[in-house]
1. State the number of residues belonging to the range 37-49 that are surrounded by 13 or more Cβ atoms within 10 Å (Cβ to Cβ) and more than 14 Å from the chain's Cα centre (by Cα).
2. Does Ala103 meet the test of being loosely packed, with under 15 Cβ neighbours inside 10 Å and closer than 17 Å to Phe26 by Cβ?
3. Can you tell me which residues in the range 50-73 are surrounded by fewer than 13 Cβ atoms within 10 Å (Cβ to Cβ) and at pLDDT below 95?
4. Before we move on, is Ala67 out of contact with any Lys or Arg (no Cβ under 7 Å at 6 or more places or on another chain), under 18 Å from Phe26 (Cα atoms) and among the small types (Gly, Ala, Ser)?
5. Would you mind finding the one in Leu87, Leu118 that is surrounded by fewer than 16 Cβ atoms within 10 Å (Cβ to Cβ), in contact with a helix residue (DSSP H, G or I) (Cβ under 7 Å, 6 or more places away or on another chain) and at pLDDT below 95?
6. Going through Glu64, Glu95, Glu45 one at a time, which residue ends up being of a type in the set (Asp, Glu) and closer than 25 Å to Arg17 by Cβ?
7. Identify, from the list Arg88, Arg40, Arg116, the residue that is more than 26 Å from Asn11 (Cβ to Cβ) and among the charged types (D, E, K, R).
8. Counting just the residues of the range 1-36 that are of a type in the set (A, V, I, L, M), over 14 Å from Lys109 (Cβ atoms) and modelled with pLDDT of 95 or more, which one comes out farthest from the chain's Cα centre (by Cα)?
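The values are calculated or read from the model by the stated rules, or taken from the named source; none is laboratory data. No experiment lies behind these values; they were computed from the predicted model shown. Please note: Cβ atoms are built from the backbone with ideal geometry, for glycine as well, and neighbour counts cover all protein chains shown.
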Amino acid sequence: MIERIPELVNNDPAIVRWGRGMNESFMVEVGDRQYVLTVREGRVESVAKGPFVMRPWRFAIRAERAAWEKFWEKVPAPGWHDLFALLRRGDVAFEGDQRVLVAYLMYLKLVLAAPRRLAR
C-alpha cells in the first residue's frame, strides 16, 4: 500500500495543493516495516523501504499493521477513520518534530488515506 502512495498522491492535484510548501522526509511504520517518504512541494518524491539505522526524518507515524489495515479499508469503521481517532484509541504514535506534522496535518491525512482508493 505505502509503495503506491506516490502514484495516488501525485496524480491528485487537490492533495498536492494541500502539501505545497512541504519539503520534508517522514517515516511511516507499518508494524515492523519502516518507510521514509520524501515530499517536495506536495509531491511524494520517493518512498524508501527500511529497516533504517541512521536515515534522517523529521517526524514518524507508527502503528501496527492491523491498525493500518483497518484505517485503509474503503470505508473505515468509526474510530479507524482518522489519524487522531487512532491516536485516541492508542493505536498510533507520533514522534519527532510534531510542529511540522501539525502544520501539514490535512495534507498528511489525505496522503495516508490515499490507499483507501485501492481497497475493495
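1. Residues in the range 37-49 being surrounded by 13 or more Cβ atoms within 10 Å (Cβ to Cβ) and more than 14 Å from the chain's Cα centre (by Cα): 1 in total.
2. Values: loosely packed, with under 15 Cβ neighbours inside 10 Å: yes; closer than 17 Å to Phe26 by Cβ: yes.
For Ala103, the condition - loosely packed, with under 15 Cβ neighbours inside 10 Å and closer than 17 Å to Phe26 by Cβ - is met.
3. Initially, the range 50-73 is screened for residues surrounded by fewer than 13 Cβ atoms within 10 Å (Cβ to Cβ), giving 51, 53-56, 65-66.
Scanning the range 50-73 gives Pro51, Val53, Met54, Arg55, Pro56.
4. On the way: out of contact with any Lys or Arg (no Cβ under 7 Å at 6 or more places or on another chain): yes; under 18 Å from Phe26 (Cα atoms): no; among the small types (Gly, Ala, Ser): yes.
Answer is no for this residue.
5. Details: Leu87 fails: in contact with a helix residue (DSSP H, G or I) (Cβ under 7 Å, 6 or more places away or on another chain).
None of the others qualify; the one that does is Leu118.
6. Details: Glu64 fails: closer than 25 Å to Arg17 by Cβ; Glu95 fails: closer than 25 Å to Arg17 by Cβ.
Unique residue meeting the criteria: Glu45.
7. Values: Arg40 fails: more than 26 Å from Asn11 (Cβ to Cβ); Arg116 fails: more than 26 Å from Asn11 (Cβ to Cβ).
Going through Arg88, Arg40, Arg116 in turn, just one is more than 26 Å from Asn11 (Cβ to Cβ) and among the charged types (D, E, K, R): Arg88.
8. Step one: of the range 1-36, the residues of a type in the set (A, V, I, L, M) are 1-2, 5, 8-9, 14-16, 22, 27-28, 30, 36.
Subset that is over 14 Å from Lys109 (Cβ atoms): 1-2, 16, 27, 30, 36.
Add one more test, that the residue is modelled with pLDDT of 95 or more, and what stays is 16, 27, 30, 36.
Values: Val16: 14, Met27: 8, Val30: 10, Val36: 10 Å.
Only one residue fits best here, namely Val16.
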